[in-house]
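The values are calculated or read from the model by the stated rules, or taken from the named source; none is laboratory data. Keep in mind that what you see is a predicted model, and the values were worked out from it rather than measured. Backbone-built Cβ (ideal geometry, glycine too); neighbour counts: all protein chains shown. Surface accessibility is based on the protein's heavy atoms, side chains included, excluding ligands, DNA and RNA. Shrake-Rupley method; radii C 1.70, N 1.55, O 1.52, S 1.80 Å.
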Amino acid sequence: MEFFSTVIRFFQAGGEFMYPILIVGVLGLAITIERVMYLRRAQSENRDVWSKLMPLVNEGRHDEAEKVASLSSTAIGRVLGYGIARSKGASGRDEVELAMEESLMEVTPQLERRTHYLATFANVATLLGLLGTVIGLIQGFTAVSGVNPAQKQDQLSQAVAVAMNCTAFGLMTAIPLLLIHAWLVTKTDELVDSLEIASVKFLNSLGFKK
């Protein structure tokens with residue numbers, strides 16, 4: 001309870017700019033949760049579809065494989081589905097490869113969706129913290145302009161401390177968002193790389209030569 005009381009006092013001492021920083025932090029947290037769940041689900045579903053598709057492709061049952069891919073909403077289902085459909089009338093590997101690259105370009109933005117907002121929110125939180133501090137300092141200096149010199153130093157120190165709370169809270173919000181953004185970008189890149197590797201393995205299983 002003492003910890004939460006300290007946090008509440010810290011939040012209240014930062015002034016009105018603490019609220020927009022809090023909103024930015026909550027939005028960033030919501031996006032983080034949604035993206036983590038989406039990427040984990042996508043990775044799991046991609047493995048399941050891959051385990052169903054490749055045995056069919058290796059056995060030459062392309063019609064059944066295409067049906068499995070068409071019923072799947074996963075990224076790998078769409079990419080391999082394009083490849084299977086194009087392979088039926090293709091004269092060489094290049095035609096199938098181009099079709100799969102086109103499909104990969106379509107699904108990649110879905111995997112990266114909303115992740116870039118985290119970096120933006122981190123910058124906004126930092127700037128809001130600095131803006132709150134500057135405005136707090138201006139208000140503090142204005143308030144002590146007509147105060148007795150004996151009391152001016154104490155009141156000014158108090159005003160500076162309150163204003164700096166806003167910067168601290170902005171940085172406390174921005175730093176985790178930047179770290180999470182970097183982590184999500186890495187995870188997304190790994191997922192895209194796995195799709196590219198799956199595409200190459202699929203092409204090799206069709207018997208096309210490079």
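Computed quantities for the displayed model
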read-out	value
Rounded to the nearest 20 debye, dipole of the chain from Cβ charges on Lys, Arg, Asp, Glu	160 debye
Simple label model, 7 Å out from Cα along Cβ direction - Ile138 to Thr120, nm	2.6 nm
Taking the chain and dividing mean pair separation by its residue count, relative contact order in percent (alpha carbons under 8 Å, at least six apart)	31 percent
Count, lysine Cα pairs under 16 Å in the chain, 8 or more residues apart or across chains	6
Quotient of C-alpha Rg and 2.2 N^0.38 Å, computed over the chain	1.62
Solvent accessible area, Å² - Leu127, 1.4 Å probe, full protein context	110 Å²
Square roots of 5 times each gyration tensor eigenvalue, C-alpha, segment 92-203, largest first, Å	55, 11, 6
Hydrodynamic radius of segment 39-85 per Kirkwood, over alpha carbon pairs, in Å	10.3 Å
Solvent-accessible heavy-atom area per residue, rounded to whole Å², over the chain at 1.4 Å	59 Å²
Nearest-0.05 FRET efficiency for Leu131 and Ala30, computed from C-beta distance (R0 22 Å)	0.40
Pairwise label distance in nanometres, Ser205 with Arg93, each label 7 Å out on the Cα-Cβ vector	1.7 nm
Protein accessible area in the chain, 1.4 Å probe - carbon and sulfur %	62 percent
Quarter of Cα convex hull surface for segment 1-118, i.e. mean projection, nm²	10.5 nm²
Leading residue at positive end of dipole, segment 52-105 (Cβ point charges), from Met54, Leu71, Leu104	Leu71
0 to 90° range, to nearest 10: angle between helix 75-87 axis and the chain longest Cα axis	30 degrees
Extreme residue, positive dipole direction of the chain, given options Thr126, Pro176, Ala198 (C-beta unit charges)	Pro176
